[in-house]
Amino acid sequence: CLGTSILTDSDSFQDVVVKIERPTYRKPFLGGFKNRITGVEFHNAGSQTIPKTRPDKGIQLFCRETQTVFEKNKPQQTKNTTSTQMTKIGLYVSNMTDKLVSPGKYLTAEEYHKRRLEAVIVLQTYFRRWHAINVVQNLREEKRLRLAWEAQEELRKKKEKEEKLRREHERRLNPKTKEDFELLYHALELWKQEETERINRTLTGAERKAAFCGLLEQEAQLIASIGRHKLNADEENQQKATLRFLAKCAQPKRWKAYDGKITEMDTQYTLRARELFEIYRSISMNDIPKDERTDVLLTLRRTVKEHECKLTWEIVELIDREVDLMSREVKECNLEGLRKRICTLFLQYIKTPKFNPEVARILKVPPDPLKLYKNVNFCHSCENYLPSTEFPVPANSRTIGRCHLCCKLDNEARQREAFLKHKLILENLRKSEADYQDDAKIVFLVQHQDLQYMIENIWGCQSALSACSDLYELVMVRWDKQREWSPWNTILLTKDEADAHLRLCNLQEAYEAAFIHRIKHKHIRAKNYFAQIPAMASFLHRSDNQANAN
């Protein structure tokens, strides 16, 4: 409270008590002024009485003011008074411009509706003619596009076939991979069988024996020629494999971020591996100037001298010898052996984890000897201990047999079969099953030997629909696409037929009963063959339970 005196009359004052209430809110700024001399600020003041509070009724109330505009439309028509003048006594009105109107023929409701129906029929006739013309034009255009597409597809298939034959011919002339040499030995076996059949059909007695001796000599010459090609291909492939191995060591660490971007990071080990890779690639190059070759050798010498051991001493000695021979103007051809020896020793230096730590995670032979005792099996053919990855394991095998190398040598010497087509079919099958993303397992247990048995003995090496026997055009797909692929849930078709088959929703309506019965019979044969395999037994029982549930 604050006491103050107010003037009541001209001479008297009265004391009044003024009660000041402190507001709970911050007062608003209502303007003011400032004294320029003293710098004191004066603010305008305002007062507001406290509004009367309403009694609380215990119910939450809301208030909203609304204003609605009412609009009303009402048509108005003004009056227009007219009059008609007729002839009468004392007034003549001319009738020259008048028209004589006579009543027409009266139409009944039945006649009216009949005439309207005839008019509608005429309209429908013209509309249907126009619609039929459009339908025929659309069909003609669709036929033209279909014929053009079929011609284009035929041309594409023809080009693909020619390209496939050209590639196969090129692979036979210049074989590079193991599959190329399989095709070459297979072609040799086919030629031998044709020649044997011709000799047996046309010759007898001593002439037949002499022809077989000549055939044997030709076969030996061809095998020797294939062997020479194989040695050249192995040398070239070994160099490419070495470069791929070193490039893999020199790759930076990669991982995928949350936004999908790939992040790369170099460590001190990857940088070291990349440095050694660049040096190896430089010393492996041929036909480079002597000064560049000398710089590369000196760089290699500085690199290997960082570690003192017998291997580095030998490399340094060979480098000094080559530099000395180049200074004496020795021919390049006489230095090839020395340079190959330097490359071999330096590659051995790179593959040592002590000098190149990054190589330890890629080497097939681990640095720790104790790890060699795990997953190692004995090959009874070549009598070598090899890791389990070097052994083919068909689905029907019960023991570890021969290694990959022994199987390949036996195939080249005896049967000379080509498994490239079956491997392509299996590879396409695994890719298609991986796209379903339904945790398919059986397709990854089946090997190409099992697939070869199914294609040759169960499906007869031909499509179930068109009887196409070109294995390059055949693929294996699911018979029922709602279930996992298995030897008892598959069908062998061409690529176009497989695409059409996978678009079907109801197999019972799409195929005849005789065709479905024939496919089911092949599935039963596959079940009887794979039921003997312990690994397949559990999948077989599970598929039977699913079929019974369906």
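The values are calculated or read from the model by the stated rules, or taken from the named source; none is laboratory data. All figures in this text were calculated on a predicted structure; none of them were measured in a lab. Counting neighbours? That spans all protein chains shown, and the Cβs are built from the backbone with ideal geometry, glycine included. Heads up: the accessible areas ignore ligands, DNA and RNA and are worked out on the full protein's heavy atoms, side chains in. Shrake-Rupley method; radii C 1.70, N 1.55, O 1.52, S 1.80 Å.
Points worth noting:
- Test result for TYR269, of a type in the set (Ser, Thr, Tyr), open to solvent by 50 Å² or more (accessible area, probe 1.4 Å) and either without any contact (Cβ under 8 Å) to a residue 12 or more places away in the chain or touching a His at 6+ places or on another chain (Cβ under 9 Å) (or both): no
- All positions within the stretch 482-491 that are over 20 Å from ALA434 (Cβ atoms) and modelled with pLDDT of 90 or more: none
- Taking every residue in the stretch 154-169 that is under 19 Å from PHE181 (Cα atoms) and pairing it with any residue that is at pLDDT below 90 and not hydrophobic (A, V, I, L, M, F, W, C), at least 6 positions away or on another chain, the pairs with Cβ-Cβ distances below 7 Å are LYS164/TYR472.
- Residue ID - farthest from ASP324 (Cα to Cα), chosen from residues in the stretch 245-290 that are in a strand (DSSP E or B) and either touching a helix residue (DSSP H, G or I) at 6+ places or on another chain (Cβ under 8 Å) or among the acidic types (Asp, Glu) (or both): GLU264
- Against the criterion of being outside any helix (DSSP H, G or I) and touching a residue at least 12 places away in the same chain (Cβ under 8 Å), GLN239 does not qualify.
- Where helices (runs of 4 or more DSSP H) fall entirely within the stretch 438-521, those with at least 2 residues that are surrounded by fewer than 16 Cβ atoms within 10 Å (Cβ to Cβ) are at 495-502, 507-510.
- Selection count where residues are open to solvent by less than 100 Å² (accessible area, probe 1.4 Å), at pLDDT 75 or above and in contact with an Asp or Glu (Cβ under 9 Å, 6 or more places away or on another chain), scope the stretch 2-61: 2
- Any hit, the stretch 202-217, residues being within 28 Å of ALA360 (Cα to Cα), open to solvent by 40 Å² or more (accessible area, probe 1.4 Å) and among the charged types (D, E, K, R): no
- Yes/no for GLU162 being within 27 Å of ARG416 (Cβ to Cβ) and open to solvent by 90 Å² or more (accessible area, probe 1.4 Å): yes
- Failed condition for GLU383, given (1) open to solvent by 70 Å² or more (accessible area, probe 1.4 Å); (2) at pLDDT 85 or above; (3) farther than 27 Å from PHE530 by Cβ: (2)
- When LYS143 is tested against (1) open to solvent by 100 Å² or more (accessible area, probe 1.4 Å); (2) within 31 Å of the chain's Cα centre (by Cα), only condition (2) is not met.
- Selection count, the stretch 165-188, where residues are of a type in the set (Val, Ile, Thr) and surrounded by 13 or more Cβ atoms within 10 Å (Cβ to Cβ): 0
- Contact annotation: residue pairs with Cβ atoms under 7 Å, 6 or more positions apart or on different chains, pairing a residue in the stretch 74-98 that is at pLDDT 80 or above with a partner that is open to solvent by 100 Å² or more (accessible area, probe 1.4 Å), are VAL93/GLN85; VAL93/MET86.
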